[in-house]
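The values are calculated or read from the model by the stated rules, or taken from the named source; none is laboratory data. Nothing here was measured: the structure is a model prediction, and the numbers come from that model. Glycine also receives a Cβ, built like all others from the backbone with ideal geometry; neighbour counts cover every protein chain displayed.
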Amino acid sequence: MLRNSRFNPTTGIMDFWTEFKRPNPYRWPILGVSVVPFALILAWAGSEAVYIPPDRPNVTYISTYAPDRSDAEIIASNEENQRRKDVLAEQEAELAERKRELYKALGAASGMDVEAMEAQAEADRAAEAAAAEARRAQLFPGRKDSETNDGGAP
């Protein structure tokens with residue numbers, strides 16, 4: 001009961017009404033000035049512009065492939081793309097081998113043990129390949145490398 005009486009607005013309203021009824025020459029001007037901020041806020045909130053959502057865009061899909069391609073054309077295109085991919089992978093492997101040779105030469109010229117470093121790098125590459133194979137085996141249980149979509153690449 002104490003909580004309800006503490007937050008009861010009746011006593012506040014009655015107190016306001018008692019003070020407002022007292023004869024005071026500034027009663028109406030104060031009331032008018034007090035109402036102005038609320039009137040301005042309501043006028044500002046009421047003048048808010050409401051925009052309708054824009055029309056949905058008209059999307060035109062651009063395809064680089066002919067829509068009437070035959071299965072043979074699709075297969076030929078896929079084989080050509082695979083050949084390009086294989087050539088690029090071979091070039092990247094050659095470039096990586098050339099870089100390894102240059103670093104080995106630089107290491108040998110600097111007096112480093114390049115054979116131990118090469119053995120460590122080979123072990124790291126083998127561990128990465130084994131981790132990729134384990135990941136692939138987890139993702140594709142019961143499949144061999146040749147059956148995955150990526151051709152066995154990590």
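Quick check: is even one residue across the stretch 81-102 surrounded by 11 or more Cβ atoms within 10 Å (Cβ to Cβ) and over 33 Å from the mean Cα position of the chain (by Cα)?
Within the stretch 81-102, the first condition is being surrounded by 11 or more Cβ atoms within 10 Å (Cβ to Cβ), and the residues that meet it are 82, 85-86, 89, 100.
Imposing the further condition that a residue be over 33 Å from the mean Cα position of the chain (by Cα) reduces the set to 100.
Within the stretch 81-102 (the criterion being surrounded by 11 or more Cβ atoms within 10 Å (Cβ to Cβ) and over 33 Å from the mean Cα position of the chain (by Cα)), the answer is yes, since at least one residue qualifies.
In this structure, is Glu133 in contact (Cβ under 8 Å) with a residue 24 or more places away in the chain and not β-branched (Val, Ile, Thr)?
Values: in contact (Cβ under 8 Å) with a residue 24 or more places away in the chain: no; not β-branched (Val, Ile, Thr): yes.
Against the criterion (in contact (Cβ under 8 Å) with a residue 24 or more places away in the chain and not β-branched (Val, Ile, Thr)), Glu133 does not qualify.
I need a count of the residues in the stretch 133-154 that are of a type in the set (D, E, K, R), modelled with pLDDT under 65 and touching a helix residue (DSSP H, G or I) at 6+ places or on another chain (Cβ under 9 Å).
Here is the first cut: in the stretch 133-154, the residues of a type in the set (D, E, K, R) are 133, 135-136, 143-145, 147, 150.
Next, only the ones that are modelled with pLDDT under 65 stay: 145, 147, 150.
Subsequent filtering for residues that are touching a helix residue (DSSP H, G or I) at 6+ places or on another chain (Cβ under 9 Å) retains 145, 150.
Looking only at that region, the number is 2.
Being of a type in the set (S, T, N, Q), modelled with pLDDT of 90 or more, within 30 Å of Phe16 (Cβ to Cβ) and in a helix (DSSP H, G or I) is the requirement here; does Ser34 meet it? Break it down into steps so the answer makes sense when it comes.
Working: of a type in the set (S, T, N, Q): yes; modelled with pLDDT of 90 or more: yes; within 30 Å of Phe16 (Cβ to Cβ): yes; in a helix (DSSP H, G or I): yes.
Yes.
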